[in-house]
């Protein structure tokens, strides 16, 4: 039973990361479409935010799987 709960927690973390990075990518594309001259700054901020979300998601997965 504990393993299935850990798998559920890890799965929820992965889903959250996917949604978060998807939203960041979509909003970045909208911002670039509105201000093409700011593409470099937008991409840099998008990559930093995606990395932070990815790190938080990885932390959630580790906690879910090692929290037995």
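Looking at 56, 38, just one residue is surrounded by fewer than 15 Cβ atoms within 10 Å (Cβ to Cβ), at pLDDT 95 or above and part of a helix (DSSP H, G or I), and that residue is 38.
The listed residues are 28, 49, and the only one of them that is modelled with pLDDT of 95 or more, within 12 Å of the chain's Cα centre (by Cα) and surrounded by 11 or more Cβ atoms within 10 Å (Cβ to Cβ) turns out to be 49.
Here residue 32 passes the criteria (1) touching a helix residue (DSSP H, G or I) at 6+ places or on another chain (Cβ under 6 Å); (2) free of Cβ contacts under 8 Å to residues at least 12 places away in the same chain; (3) closer than 30 Å to residue 3 by Cα except the one numbered (3). Criterion first (part of a helix (DSSP H, G or I) and exposed (fewer than 12 other Cβ atoms within 10 Å of the Cβ)) does residue 12 satisfy it? Criteria not met by residue 12.
The values are calculated or read from the model by the stated rules, or taken from the named source; none is laboratory data. Source: prediction; values computed, not measured. FYI the Cβ positions are ideal-geometry reconstructions off the backbone, even for glycines, and counts take in every protein chain you see.
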